[in-house]
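Notes follow the structure.
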């Protein structure tokens, strides 16, 4: 009943296609009655939605938020930034002015690196899902996976199986993330794959979470490792998974 | 004012309206939108150090969405969700131009009602696309779903909304 091209036609109508794909979509639209109906509905809905109220934040709320941020800032001022390692700030000058400058510099320096890393992780995750290279060592036994990493990776990632909690260990592989070797532990949760990346901590600042192409990433540092869990699983489930890994890692 | 606060004021605060609009639509116009947005802005500010380089609006709206989700979870533990009241539908089933009729009413009451009957996963993608005019990629970032899912939810949501507005059948 539904035309196979309907999602593509929708993407065209939403202005999501590049020039070449847009031409194809236009050509299809000329000959497909169903997609023509879709286009008419699309335009109709747009007109309807133009009448939908846009709720702007009331002034009272704005004022409340400003006050809450002021209060938050006061407590902030007495706390050294969470991720700032002492060594990192050496040479950045001293006093609050130096700290502020260092914070801005750190932002500028690490922003592109993190973008590239996030893109790298998303790519590595997608590659693994395409079946190109998901697993080097297939095993649900962490006694097998763990020693495999010892011979194939610079780092020793956590490899506990969380089958009882719904996250089944399926194996591991060696991969590259942003130019350095990474160990990847692969889990399944229902139909979803979770790639757990681990690489040697080089004092780089990590985002807490990020997402690209619909894949969510949770980052954290533990012991001497940088870790990132990447998946399209429900965010709450991914957080639960990360907590399990953190706990198992602190037991090691 | 700290550098962090200055950055937050410059990058995040301009999206306060978008945050509030999303919260209002997610809560179906509920008064809890204020609390959700305040909580979201505070959380955003606290994690602003960890925020790097991505577009601010999808990031902020994802936080709003999460705050809404956790507020909903808490509420569920206390009270059962109220049923949608769906009486006094003013659009006749055979109205040929429901769009025009909804516009004529001006206050968007029919549209409000139609949108509020949509399951949340469809309502949110439609709001993000039609009112915030976000790209599929950004919607995917806000909702934490792959782009393919965004596309199919948009298609399904639009069909459901049309059916709701025309009083027609749902299996379009």
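The values are calculated or read from the model by the stated rules, or taken from the named source; none is laboratory data. Not measured: the values here are computed from a predicted model. Cβ coordinates were reconstructed from backbone atoms using ideal geometry, including for glycine residues, and neighbour counts include every protein chain displayed.
Do we find that residue A:169 is under 24 Å from residue B:144 (Cβ atoms) and either surrounded by 15 or more Cβ atoms within 10 Å (Cβ to Cβ) or in contact with a strand residue (DSSP E or B) (Cβ under 8 Å, 6 or more places away or on another chain) (or both) in this structure? Criteria met by residue A:169.
Does at least one position in region B:41-54 carry a residue that is under 21 Å from the mean Cα position of the chain (by Cα), in a helix (DSSP H, G or I), facing another protein chain (nearest Cβ under 8 Å) and farther than 27 Å from residue B:110 by Cα?
To start, the set of residues in region B:41-54 that are under 21 Å from the mean Cα position of the chain (by Cα) comprises B:41-44, B:54.
Those left that are additionally in a helix (DSSP H, G or I): B:41-44.
Keeping just the survivors that are facing another protein chain (nearest Cβ under 8 Å) gives B:41-42.
Applying the additional criterion that residues be farther than 27 Å from residue B:110 by Cα yields B:41-42.
Yes: region B:41-54 contains one or more residues that are under 21 Å from the mean Cα position of the chain (by Cα), in a helix (DSSP H, G or I), facing another protein chain (nearest Cβ under 8 Å) and farther than 27 Å from residue B:110 by Cα.
Region A:1-100 holds helices (runs of 4 or more DSSP H) entirely within its bounds, and those carrying 3 or more residues that are on the phi < 0 side of the Ramachandran plot, at pLDDT 90 or above and out of contact with any strand residue (DSSP E or B) (no Cβ under 9 Å at 6 or more places or on another chain) map to A:6-13, A:19-31, A:33-50, A:59-77. Among the residues of region B:6-28, those that are at the interface with chain A (Cβ under 8 Å from one of its Cβ atoms) and free of Cβ contacts under 8 Å to residues at least 12 places away in the same chain comprise B:17, B:24.
Return yes or no: is residue A:176 under 19 Å from the mean Cα position of the chain (by Cα) and within 14 Å of another protein chain (Cβ to nearest Cβ)? Give the derivation first.
Numbers: under 19 Å from the mean Cα position of the chain (by Cα): yes; within 14 Å of another protein chain (Cβ to nearest Cβ): no.
No.
Might you let me know whether region B:152-164 holds any residue that is facing chain A (nearest Cβ under 7 Å), free of Cβ contacts under 8 Å to residues at least 40 places away in the same chain and outside any helix (DSSP H, G or I)? Among the residues of region B:152-164, not one is facing chain A (nearest Cβ under 7 Å), free of Cβ contacts under 8 Å to residues at least 40 places away in the same chain and outside any helix (DSSP H, G or I), which makes the answer no.
Looking at this structure, is residue B:64 more than 9 Å from every other protein chain (Cβ to nearest Cβ), buried (at least 17 other Cβ atoms within 10 Å of the Cβ) and either at pLDDT 90 or above or under 19 Å from residue B:120 (Cα atoms) (or both)? The answer is yes for residue B:64. For region A:207-252, the set of residues classified as assigned to a strand (DSSP E or B), under 21 Å from residue B:45 (Cβ atoms) and modelled with pLDDT under 90 consists of A:209, A:210, A:211, listed by residue number. Residues considered: B:126, B:139, B:103, B:147. Of these, the only one that is facing chain A (nearest Cβ under 8 Å), modelled with pLDDT of 90 or more and either closer than 23 Å to residue A:42 by Cβ or loosely packed, with under 13 Cβ neighbours inside 10 Å (or both) is B:126.
Could you list, in sequence order, all residues of region A:219-236 that are within 18 Å of residue A:192 (Cα to Cα) and touching a residue at least 60 places away in the same chain (Cβ under 8 Å)? Walk me through it before giving the result.
Step one: of region A:219-236, the residues within 18 Å of residue A:192 (Cα to Cα) are A:228-236.
Result: A:228, A:230, A:231.
The number of residues in region A:183-206 that are at pLDDT below 85 and either within 16 Å of residue A:244 (Cα to Cα) or more than 14 Å from every other protein chain (Cβ to nearest Cβ) (or both) comes to 4. Restricting attention to region A:184-204, the residues that are within 23 Å of residue B:142 (Cα to Cα) and part of a loop (DSSP other than H, G, I, E, B) add up to 2.
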